[in-house]
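Please read the structure below before turning to the comments.
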Amino acid sequence: MAEKEKTFEEITNHLVTSGFVYPGSEIYGGLSNSWDYGPLGALVKNHVKDLWLRHFVRGIEYNVQIDPAIIMNPKVWEATGHVSNFHDPLVDCKYCHARFRADDLVKKQLKDVDVDGMTTDQLNDIVQSGKIVCPTCGKASFTPIRQFQMMFKTFIGVTEDHTSTVYLRPETAQGIFVNFKNVMRTTRRKLPVGICDIGKAFRNEITPGNFTFRTREFEQMEIEFFFKPGEDEKWFQFYKDNCKAFVEKMGLKDEKVRFRDHEPAELAFYSKATTDIEYLFPTLGWGELMGIACRGDYDLTKHQESSGQDLTYLDPDTNTRYLPHVIEPSFGLDRLMLALFCDSYEVQSLDDGKDSRIVMHLDPELAPYTIAVMPLSNKLSDDAKKVFDGLRENYDAIFDTTGSIGKRYRREDAIGTPLCITYDFDSLKDQMVTVRERDSMKQERVKISDLNTYIQNFLGRNKVL
RNA sequence: GCGGCCAUUGUUCAGUGGUAGAACAUCAGCUUCCCAAGCUGAAUACGCGGGUUCGAUCCCCGUUGGCCGCUCCA
């Protein structure tokens, strides 16, 4: 059973053709870089979320989950700097088509000019003045500055003349920060406290691509973990360890995952330290799945200033007030799924290369379906269906009657179903079925009445804890 | 957004200025079918919109989508 080389394209093709992912709005010709999860993808997504919730919310005593709104008061984004900072003034050289940030060009070529605080028009005048040349070809002719606002804008208002601009959130984090006070009050907790959220975020990326790796609409699983200043190192390490454990639970291969600490120059302005957890994607190379950032008290300070609300925490031990520091573990759910798909996809050669099967070696907890029930012959459909009906409420299960039994096994292998249950002619007499396991292809006779126990044992056996 | 390449059924490929074929996949039937067997039958495609033409899937223009490079990030 030799493993063939796999490419990113081959894997995404399989995902699209088998029903994990569909191109968005396909019957209208699609929409650039938008993807829909099909039935299989939606199931996997549920399972990954569920695993995450179990690990980071139920599993960590300090943590709670909230579910804040996507559309927030626009003042939130003014406070965070997203309105002013989340766009770059870009120009293209008309000759060689190279692209630059206008403020960078001016800063580097006219040392005596202070670009900070300059309006776009002023900046544009300088770039168009002929004093700035293209670093690539030396010509001095640029397109006008174009602003790329990364936040999606929309409007709220009862009547058109009373509309106001609002934004789709570019990150879920701020929904957590603005609720810090509410959570502390209503849960009556003491620090440390982690507030978790799973939800969509939107960024008008200039260059999305690589399938679901970078899209303009994506789902994040984020935690803002609040604690007493000075404990930064301790909790940073705590979340590094937990992220490692989580990645192991997902079953991602060790050698394909790495933790990468940001260099000081690479750090975002609000961050004191950041670690990325990256996955080695086929064809694409290393790509970030999640990041853990030390944000200090940056966000709460900003919100406290802008809102005028007191966001400090009264420490009952010392009877002093302070703004907590924050560690932010942030997960890209879609990327995590993509890594999972790439990691588990295998094309196995059987019978010396005469035959092959696609196997998705998904953890049984994460696979779309846990069980497939299939009658050996169509004549056994009604009886097999009863077995299926007995399982479907407790498990994600699928019933398949078409094609030869071998073909059906292959179909389930290709979508990662760990267990196939076959009802045959003997089952009528002995009330036993054949359970076939995905990875080993081994078979076992099991009493129908023992199936539930068998499956529970199987799931327990395969759980990586 | 800019430059380059591309667009035929679910997938992978043929093909022609007179509206299309294959393989695999799918569905139905036969087969006591346990790792893609076989037989019979069925459905499904020229991305979209203009133009040239008696006629365009094929030529031209536009558009949309995809892939590869330039800026960002989870």
Going through (1) within 12 Å of RNA strand B (Cβ to nearest atom); (2) surrounded by fewer than 12 Cβ atoms within 10 Å (Cβ to Cβ); (3) under 26 Å from A:Y345 (Cβ atoms) one by one, A:D430 fails only at (3)
Please work out if A:R436 is touching a strand residue (DSSP E or B) at 6+ places or on another chain (Cβ under 6 Å) and near RNA strand B (Cβ under 7 Å from one of its atoms).
yes
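Listed here are the residues, each with its yes/no results for (1) at pLDDT 95 or above; (2) in a helix (DSSP H, G or I).
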site: A:W286; (1), (2): no, no
site: A:A293; (1), (2): no, no
site: A:D299; (1), (2): no, yes
site: A:H303; (1), (2): no, yes
site: A:S306; (1), (2): no, yes
site: A:D317; (1), (2): no, no
site: A:E328; (1), (2): yes, no
site: A:R335; (1), (2): no, yes
Among the residues of the range A:9-26, the number that are loosely packed, with under 15 Cβ neighbours inside 10 Å and either more than 9 Å from RNA strand B (Cβ to nearest atom) or in a loop (DSSP other than H, G, I, E, B) (or both) is 1
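Can you name the residue in the range A:384-400 that is within 13 Å of RNA strand B (Cβ to nearest atom) and either assigned to a strand (DSSP E or B) or touching a Pro at 6+ places or on another chain (Cβ under 7 Å) (or both) and is also farthest from A:E10 (Cα to Cα) among such residues? Even if it seems obvious, please write down each step before you answer.
At the first step, the residues of the range A:384-400 found to be within 13 Å of RNA strand B (Cβ to nearest atom) are A:384, A:387, A:398-400.
Then keep just the ones that are either assigned to a strand (DSSP E or B) or touching a Pro at 6+ places or on another chain (Cβ under 7 Å) (or both); that gives A:384, A:398-399.
On the way: A:A384: 35, A:I398: 25, A:F399: 27 Å.
Ranking the candidates gives A:A384 first.
Does A:N13 count as modelled with pLDDT of 80 or more and on the phi > 0 side of the Ramachandran plot?
Details: modelled with pLDDT of 80 or more: yes; on the phi > 0 side of the Ramachandran plot: no.
Here the answer is no, as A:N13 does not meet what is asked.
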Reported set for the range A:347-373 where residues are more than 9 Å from RNA strand B (Cβ to nearest atom), assigned to a strand (DSSP E or B) and at pLDDT 90 or above is A:V359, A:M360, A:I371, A:A372, A:V373
A:N33: passes all of (1) at negative phi; (2) within 12 Å of RNA strand B (Cβ to nearest atom); (3) surrounded by 15 or more Cβ atoms within 10 Å (Cβ to Cβ) but (1)
The one condition A:I405 fails out of (1) surrounded by fewer than 18 Cβ atoms within 10 Å (Cβ to Cβ); (2) of a type in the set (A, V, I, L, M); (3) under 19 Å from A:L376 (Cβ atoms); (4) out of contact with any Ser or Thr (no Cβ under 7 Å at 6 or more places or on another chain) is (4)
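The values are calculated or read from the model by the stated rules, or taken from the named source; none is laboratory data. None of these values were measured; they are calculated from a predicted model. Neighbour counts run over all protein chains shown; Cβ positions are idealised from the backbone, glycine included.
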